[in-house]
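Read through the structure below, which is laid out as structure tokens, and then see the notes.
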Number of protein chains: 2
Amino acid sequence: MDNHQQNPESINTASHSRNNNVRIILGSTSTLAGQSYLAYLKDTLTLHFAGISKLLFVPYARPGGISHATYTESAARFFATLNIEVENLGATSDPLQAVSRAEAIFTGGGNTFLLVKTLHELGLMTAIRERVLQGVPYLGTSAGANIGGLTMGTTNDMPIVYPPSFNTMGLVPFNINPHFISGRLSADHMGETRETRIQEFLTQNKMPVVGLPEGSWIQVNGAIITLEGTKAATIFKKDGQPYELTPGSRLLLQ
Amino acid sequence: MDNHQQNPESINTASHSRNNNVRIILGSTSTLAGQSYLAYLKDTLTLHFAGISKLLFVPYARPGGISHATYTESAARFFATLNIEVENLGATSDPLQAVSRAEAIFTGGGNTFLLVKTLHELGLMTAIRERVLQGVPYLGTSAGANIGGLTMGTTNDMPIVYPPSFNTMGLVPFNINPHFISGRLSADHMGETRETRIQEFLTQNKMPVVGLPEGSWIQVNGAIITLEGTKAATIFKKDGQPYELTPGSRLLLQ
């Protein structure tokens, strides 16, 4: 087994011992085409973060163009409409301490390699995982959703930096492919389809993969994991054909 | 500087000391849409491998579906038309020794993470590099072209395994993005464009990147590096706007 796979036993133990008040949303994307940031999740997030006054925002996936501060501002503008204040984890003097006192956590998208490298180097991959399993509500979109899986091995991103490990939080007992889209996007282009890439992942790894299309998300409430949103997800397993799962269905993957 | 970047000084030394009979072809793809394997390169390869009777094929990028032996057969079928025998490196009892006696080397495409992991683990990244710099003609397509660059950091592939390093052969003093294609491939999909991904790479790395479209290739003859084929490449640098380079032009990137 490759060294970027976590031990399945420890993962299953973690998911079985999951606190009943664990609440997680892992969204394929932050933004739908033609909509504003997080708009498609607004009703869901109103419930998800009910009673929360302050959210800790994890901006590390953003590789440039806009600063962590500017990135945090776009999250803050959305959460202001829910009367939730947003704190930039990248601006805290002690990120581990900030995580330990967080009421709620949101990891935004960008480049998964950069996000995972930074989280491991700062000791935050474990710290955020533990806090979420204690019941702190979590939201991750795109790269922030991918790290809810067992490893980052099904990201679509370019390997712009070298992380010390591909292991991620294992909040769910499978891997996630965000922005999942089926088939060949350009008829005369020879690059692999998303399905081929995920099938190639399964030649080297054992865990199931959820191909999560934009508009849908994975929701964890205690021991119950469901697919939510508007589009069917595609489930890939090492043995057997991929199949579609309709929103509203439980995800019973080990 | 990240630990997956080679020292620029050592790279420049390597390229400056390049043997005058070094001959390298780095192709964006093995196959053009609607054509057979390597057909678009046949005339070029007839010259490139003139006088060669046996080619060593590096099949490690292929993650499954077809075996290394079957993969080698498809290369062998093509090279039989040039009267060149093909040996499967994956079937040799001593791969390092096989490289040391190779008359010519061809690395096929597939998954770059798997290829780079295997080459590093077997000590072949350095061995093949040294052999090519001694004047053994090299062909790489797709993943096999990407590893001709300084690092694999501009691959499009999914990180299905964890390589011990992202460093590659540095046969040319820049990075390569194979299967380069410009713009948004699906109007309502929010995944990043190829340009955005490469620009994100340049926020974390210093080397130039050649966005190499299908149908074009990089050719090295001694100290001269040129773009060849039918389509312009896009050159990305850390500072300045990307620009197009016409086939037939020299690549003067440091």
What net charge do the residues around B:Leu32 carry, taking every other residue with its C-beta under 9 Å from that of B:Leu32, with Lys and Arg at +1 and Asp and Glu at -1?
-2
In a Gaussian network model of chain B with springs linking alpha carbons closer than 10 Å, the residue among B:Ile176, B:Ile218, B:Ile84 that fluctuates most is B:Ile84
Connecting C-alpha atoms closer than 10 Å in a GNM of chain A, tell me which of A:Ala233, A:Ala80, A:Ala104 has the biggest fluctuation.
A:Ala80
Accessible heavy-atom area order of B:Asp188, B:Asp94, B:Asp239, highest first, probe of 1.4 Å:
B:Asp239, B:Asp188, B:Asp94
Net charge contributed by nearby residues that have their C-beta within less than 12 Å of A:Ile105 (K/R +1, D/E -1):
+2
Give the average, rounded to an integer, of partner chain Cβ atoms located within 10 angstrom of each Cβ in B:145-157.
2
To the nearest whole number, what is the average tally of beta carbon atoms from other chains within 10 Å of the beta carbons of peptide B:194-206?
5
Distances from B:Ser93 to the same position in the other copies: list them in nm, one decimal, shortest first, using label points 7 Å from Cα along Cα→Cβ.
6.7
Treating the point 7 Å from Cα along Cα-beta-carbon as the label, what are the nm separations from B:Asp188 to the other copies, to one decimal?
2.7
Residues of A:161-172, mean number of Cβ from any other protein chain within 10 Å of their own Cβ, rounded to a whole number?
3
Once both axes come from the Cα atoms, what is the angle between helix B:112-121 and the longest principal axis of chain B, in degrees from 0 to 90, rounded to 10?
60
Please give the net charge around A:Thr155, taking every other residue with its beta carbon less than 14 angstrom from that of A:Thr155, where Lys and Arg add +1 and Asp and Glu add -1.
-1
Quick one: angle between helix A:68-80 and the longest Cα principal axis of chain A, in degrees between 0 and 90, rounded to 10, please.
80
Potential extension, A:Thr246-A:Arg101 segment - 0.36 nm per residue separation minus Cα distance
48.5 nm
What share of the DSSP beta bridges in chain B is antiparallel, in percent to the nearest 5?
50
Where only protein heavy atoms count, and the probe is 1.4 Å, what is the accessible area per residue for chain B in Å²?
38
Determine the distance separating the Cα centre of segment B:188-254 from the Cα centre of segment A:193-235; give it in Å without decimals.
33
Take the solvent-accessible surface of the protein heavy atoms, probe 1.4 Å, and return the percent of it on segment B:8-245 that carbon and sulfur atoms account for.
49
Can you figure out the FRET efficiency of B:Leu47 with A:Ser182, using R₀ = 45 Å and their beta-carbon distance, to the nearest 0.05?
0.60
Which three extents, in angstrom, do the Cα atoms of chain A have along their principal axes, listed largest first?
45, 41, 37
Taking chain B as a Gaussian network, where each spring joins two C-alpha atoms under 10 Å apart, which residue of B:Ala232, B:Ala102, B:Ala33 fluctuates the most?
B:Ala33
What's the total accessible area buried between chains B and A, using a 1.4 Å probe, rounded to the nearest 100 Å²?
3800
Under 8 Å for C-alpha pairs, at least 6 residues apart: give me the relative contact order for chain B, rounded to a whole percent.
22
Give the total of Lys-Lys pairs in the protein assembly as shown with Cα-Cα distances below 20 Å; include a pair only if its members are 8 or more places apart or on different chains.
11
Taking chain B and counting helices only, DSSP H stretches of n ≥ 4 at -39,500 (n - 2.57) each over all residues, the nearest-500 ellipticity at 222 nm comes to -7500 deg cm²/dmol
Considering only the label points, 7 Å along Cα→Cβ from Cα, what distances in nm to one decimal separate B:Thr81 from the same position in each other copy, shortest first?
5.8
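The values are calculated or read from the model by the stated rules, or taken from the named source; none is laboratory data. Computed from a predicted structure; not experimentally measured. All Cβ positions, even for glycine, are placed from backbone atoms using ideal geometry, and neighbour counts span all protein chains on display. With ligands, DNA and RNA removed, areas are computed over all heavy atoms of the protein, side chains included. Shrake-Rupley method; radii C 1.70, N 1.55, O 1.52, S 1.80 Å.
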